[in-house]
Amino acid sequence: MNSKSIIRIALGAYLIIFFSYLLGPLVVMSMTAFNSSGFPSVSPWACFTFEWFRVLFDDKHIRDGIYYSVIIGLGTVLLSVSMGLAASIVLTQVWAKFRSTYYTLIIAPILVPGVVLGISTLVFWDRVGSFLGAGEGSFLNDLFHNGIFLTILGQSSFIASYAMLVFVARLQRFDTGLTEAALDLGATHTQAFRKILLPFMRPAIASASVLAFLASFENYNTTTFTILKYKTLTTVLAQKVRLGINPSISSLAFIIIVLTILAALTFEAYRRNQDRKFAISQGKAVEKSGGFLPSFMRGNPAAIMLVLVSIVVIVLVGTAQRYSPQECKVQVREAKQAEIQLRIEELRKQRLIKDQSEARQGPDIFGTPSPDEEEASKPSGAFGGVFDPNNLSSETEEEESSGGSGAFGGVFAPTNLDNGDGN
Amino acid sequence: MKKPMIFSQFFRNNGVIMGSALMGLVGFWLIFLVVLPQLSMLDYSFRFNLPPAEVGGPRDVYTLSNYQHLIYGSDKTHSTYNTVDLMVFVRTIIAAILVTVFNILLCYPLAYFLGQSKGSGFVRLLVVLLIIPYWINEILRAFALRIIFGDSGLLNEVLMFLHLTKEPIDFIRQDIALYAGLGYAYILLMLFPMYNVIESLDRNQIEAARDMGASWARIHRRIVIPHAKPGIVSGATMVFMLSAGALAAPQILGGPSSLWFTQLVYQWFNDSLNWQQGAAYAIVLLVSTIIIVLTVMRIFKVNMGDIGK
């Protein structure tokens with residue numbers, strides 16, 4: 001009994017650690033989207049703001065990136081889903097001895113590093129262009145050096161493998177007798193494919209398309225080589241993140257996270273509803289009546305969550321239209337200025353003390369703050385009044401990292417101040 | 001001899017139109033998107049980086065110089081080694097292996113828990129929660145970790161608040177952020193293959209072993225792990241290949257002084273515009289990772305057919 005409860009606790013702790021590793025960074029990132037501080041951070045919380053969303057929507061590069069990402073995504077879906085479908089059908093018919101070699105070939109692109117796929121696509125089509133003697137400025141030369149064309153090919157080369165895996169799973173349940181029956185009844189092969197196999201594969205085609213689109217949309221390693229002078233959302237983001245980060249990227253992440261959650265909940269709610277309807281039609285469950293919830297939400301926590309999240313989003317968007325953090329920002333700025341003023345004064349005082357102590361005791365106690373200095377850095381009354389605790393830590397942080405205070409950096413560290421006040 | 005027979009069989013089964021459509025699509029994919037590009041990259045890696053006018057001219061001959069550069073650097077006498085690039089290469093491979101092992105250890109308990117507790121609402125919720133981060137952009141996930149690991153990031157704030165450290169720890173320069181980011185990026189590709197195989201394990205086997213007095217560790221060693229082996233190897237293969245070939249996480253989370261091998265490839269292509277050299281480096285990466293994966297699969301006796309299930 002005792003060891004069982006230990007295992008339970010260990011399991012619970014493990015689950016918490018795992019999920020905070022997985023979800024924690026996303027939660028923190030979402031929160032930074034609403035902090036007015038110019039560097040994405042949570043802990044020195046300045047003001048609650050929606051301005052990063054406006055910065056995001058005004059960003060032309062990101063809009064262009066989304067536009068090209070969607071075009072490339074659609075092209076990739078078209079190409080990779082049809083290739084994946086064909087490959088999976090061939091897999092069911094391929095000669096048994098050749099089967100594992102063939103499977104290795106069509107699964108390999110998943111395992112090849114994306115960087116390699118991007119480079120090889122780029123190099124190959126450059127070669128094809130010169131092989132066909134396409135001169136500078138001719139149509140073919142332009143096509144083979146067109147970022148969109150190359151990116152669609154490069155991405156499709158491995159996304160087709162993902163699509164293939166989805167189709168293989170579905171095809172295993174296909175009854176080939178159906179096709180044979182159709183052929184016996186005089187249908188052509190094309191008709192049999194269109195009227196029998198294709199309808200059977202429709203759910204798999206839908207999920208493979210979604211998968212392919214998302215995989216294309218978020219691909220970076222291949223795209224960054226093949227995109228050339230165009231840009232996609234991911235390459236724009238990568239560039240922004242590398243050059244210097246600001247919270248508008250967090251706001252984009254927040255939007256994507258919310259959309260993902262909505263999509264996941266919608267899917268889950270739909271599936272649970274289908275399950276329940278199926279159970280009711282089989283007589284395994286009873287239709288619950290009464291209650292105040294509409295029928296699609298009954299016994300369906302996912303649907304309830306979906307409605308709740310939607311309400312939160314609507315409220316958030318509604319507030320964003322009206323809410324303005326101007327007042328708070330002014331406060332923060334004033335606090336900042338007051339603080340800078342105070343620090344200048346402190347510095348001046350300390351320099352004076354330092355000069356004096358230097359004169360008295362010689363230069364050897366320089367680095368370590370003397371009791372006098374400790375005293376000086378604690379102008380007790382004015383301190384607590386000016387800073388609200390959040391502002392305080394934020395300002396000292398920034399000032400410190402800009403490295404203004406030289407030898408006195410240690411004295412000003414926020415923790416020291418806290419200690420001083422505590423004592 | 002046999003091939004034409006197979007093809008005629010194939011066309012008899014599918015009809016001429018459908019048959020050629022299928023063959024055409026698969027052929028286009030495998031030949032023009034997979035095989036020929038790789039071959040042309042291989043060919044490229046053995047050539048000199050010539051100005052366009054000289055391509056095809058007398059100086060356009062095969063050479064090993066691009067590979068020699070990786071080993072010896074620009075030193076023509078080959079007396080010293082290119083320690084910088086070689087170190088980056090070794091570091092990339094070792095770090096990718098460590099990330100893979102870390103992921104196996106972290107995912108196995110959860111995969112076992114999810115796979116063996118069937119169909120309760122809580123488990124279903126957990127699976128949905130797992131899928132959500134999977135659809136967030138790789139770049140954004142790296143960005144999220146950078147917010148946490150940054151100089152004035154959340155982790156440093158927390159550590160300083162708890163007085164565990166006085167100075168902010170530079171997680172980025174010490175590559176802690178990079179390893180955490182790589183582990184984070186592909187963890188679900190480890191979890192789901194494992195989960196799928198463990199789910200297919202018959203609970204009765206475990207019950208039987210327990211009834212016969214097998215210890216907890218023994219059950220895992222003799223029953224669960226052998227059954228889950230294809231899933232574990234499949235997940236490990238994907239995580240290893242993707243971490244070794246990762247570009248976004250090292251670019252965003254890597255320290256300024258330490259590089260990932262893919263970043264060298266990227267630099268040859270985009271900064272030095274020496275495609276031949278970049279192709280050679282890419283080939284080295286591809287071949288060495290494939291050798292490692294095949295060796296591991298041979299050791300654990302797992303087939304290629306298990307990958308991707």
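With a ≥ b ≥ c the root eigenvalues of the C-alpha gyration tensor of the range A:1-151, is it rounded (a/c under 1.5), prolate (a/b larger than b/c) or oblate? It comes out oblate by the Cα gyration axes. Taking amide H atoms as placed 1.01 Å from N in the peptide plane, the amide H of B:ARG47 lies under 5 Å from those of B:THR63, each 5 or more residues away in sequence or on another chain. Taking a span of 30 Å or more along the helix axis (Cα atoms) and a mean Kyte-Doolittle hydropathy of at least -0.5 as the rule, the DSSP H helices of chain B that qualify are B:83-116, B:275-299. Taking other Cβ atoms within 10 Å as a rough exposure proxy, A:ILE7, A:ILE196 sort from fewest to most as A:ILE7, A:ILE196. Tell me whether the range A:62-244 comes out rounded, prolate or oblate; compute the Cα gyration tensor, take square roots of the eigenvalues as a ≥ b ≥ c, and use a/c under 1.5 as the rounded threshold. Prolate shape, in that a/c is at least 1.5 and a/b is the bigger ratio. Taking R0 as 30 Å, what FRET efficiency do you get between B:ASP60 and B:LEU294 from their Cβ-Cβ distance, rounded to the nearest 0.05? Here the calculated transfer efficiency is 0.35. Across the range A:62-244, the relative contact order, built from alpha-carbon pairs under 8 Å that are at least six residues apart, equals 43 percent.
When chain B is treated as a Gaussian network with alpha carbon springs shorter than 10 Å, the biggest mean-square fluctuation among B:ILE172, B:ILE131, B:ILE232 belongs to B:ILE131. Here each label is just a point 7 Å from Cα along the line to Cβ, and for A:ALA96 and B:ASP271 those points are 5.6 nm apart.
Separation of the range B:186-256 from the range A:110-173 is 32 Å, based on Cα centroids. Relative contact order of the range B:151-263: 35 percent, from C-alpha pairs under 8 Å at least 6 residues apart in sequence. Annotation: the residues B:GLU157, A:GLU51, sorted from fewest to most other C-beta atoms within 10 Å of their own C-beta, follow the order A:GLU51, B:GLU157. Cα-Cα pairs above 25 Å in chain B: how many percent? For chain B, the share of Cα pairs beyond 25 Å comes to 65 percent.
Taking a ≥ b ≥ c as the square roots of the eigenvalues of the Cα gyration tensor, the range A:175-225 is classed as prolate, since a/c reaches at least 1.5 and a/b is larger than b/c. Modelled spin labels at A:SER130 and B:LEU39, positioned 7 Å past Cα toward Cβ, are 1.8 nm from each other.
Each reported figure results from applying straightforward, stated rules to the coordinates on display, with no laboratory input. In this text, all values refer to a predicted model and were calculated from it rather than measured experimentally. FYI the Cβ positions are ideal-geometry reconstructions off the backbone, even for glycines, and counts take in every protein chain you see.
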